1. Which Cα, out of 132, 211, 114, lies furthest along the positive dipole direction of region 61-228 (beta carbon charges, K/R +1, D/E -1)?
2. Using DSSP, restrict attention to beta bridges with both residues in region 185-338 and report what percent are antiparallel, rounded to the nearest 5.
3. So for the chain: antiparallel DSSP bridges make up what percent, rounded to the nearest 5?
4. Can you tally the net charge around residue 326? Count Lys and Arg as +1, Asp and Glu as -1, for every other residue whose Cβ sits under 12 Å from the Cβ of residue 326.
5. Pull up all non-local amide H partners of residue 171: gap of 5 or more, or a different chain, and H-to-H distance under 5 Å with H placed in the peptide plane.
6. Which one, 301, 151, 83, has the greatest fluctuation when you compute a Gaussian network model over the chain with C-alpha springs under 10 angstrom?
7. Compare 203, 54, 102 in a GNM of the chain, Cα atoms joined below 10 Å, and give the one with the largest fluctuation.
8. Local charge sum around residue 58 (other residues, Cβ-Cβ under 12 Å, Lys/Arg +1, Asp/Glu -1)?
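What follows draws every value from the coordinates through simple rules; no lab data is involved. Please read all numbers here as calculations on a predicted model, not as lab measurements. Neighbour counts run over all protein chains shown; Cβ positions are idealised from the backbone, glycine included.
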Amino acid sequence: MKKLISLLLVLTMVLGLAACGTPAPDPTDPTATEEVTEEVTEAGLVVDTCILMEADDNMLNTYSALAVNPDAPFVDADGNTVSDVYVNTAGADALIQWLLTEEALNMAGEYGVAEYGEHLFYVKDGAPVYTGEIPAATEETKTIRLSTTTSVNDSGLLGCLLPAFEAAYGYTVEVQSAGTGKAIAAAKAGNADLILVHSKKQEEAFVDAGFARVVDGFEAARVSFIYNYFVLCGPSADPAGAASAASVLDAFAAIAEGEHTFISRGDGSGTHTKELALWPADLGITAQAETFAGYTGWYTSANTGMGACLVMAEEMGAYILTDKATFLTFVANDGIMG
């Protein structure tokens, strides 16, 4: 039985490697089979979902930090005014300033390289570097509320960065992660001191509406400092031929034309916003449910986080747009996201 399971795992890996564009070893070659078996043993479970397209200019994914303005016109989900909001401006300033120090930028840029052999995040060219003093926490300022997107949380980046900040300055950062839309909504309701998100259009609207402020040491309220790329992932068999498409726009068109199963975040996140921009315009897919009501046979709007959507895509053999950092973490965890 163990030999049969091993053989099945080997064949699965061989087929997966071939479909994903990697030269597949000959399964009849004992040496090649042993090498793949060792890879399977080291990796644990085999995740069939793989990256089919990346690094397209339309897939750039930039992250920005914005401090919440204590005098903002706070409103709840129904648009009702929220009063008596307390914003920890000193704590928010300290965290944003630290994130832009050379130490933190280096940590972000190197995060995951040792484990994955490639960068999960890159430091943005021209990102400001903070060199001033960062105040230590006081009893009044020690708790910082960070509203952020799931990608920097699910990828483990915050788990790498925040302990160093907290240990150095005595703060405690309370992280609430959701899609960018929901993360911004939390800040608009007065439930965050700062946000770390990745949707330029939504960030600019947040600034224009008076919800953000300029932190001492920076020139703008929206501080963009790291980036990575969205990746189009799907089953290794790639029935839509997405991997061979000329561009990500062509890949999305092929998925739609063939009505191949696609998992959408559907939650107003930065990833969801980017996905909507990649479908052919004549499909008319927007965030409104009625626009994709006729596509329910292949288009699934999950309205949940990136990790949960990746699990769904794996289980359903579906295509999905995700950030690369979360995808690599997903694979490293054998397809399990906590």
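1. Towards the positive end, the residue furthest out is 211.
2. Percent antiparallel among DSSP bridges in region 185-338 is about 45.
3. 60
4. 0
5. The list, which skips near neighbours in sequence, is 137.
6. Fluctuation is largest for 83.
7. 102
8. Here the count lands on -4.
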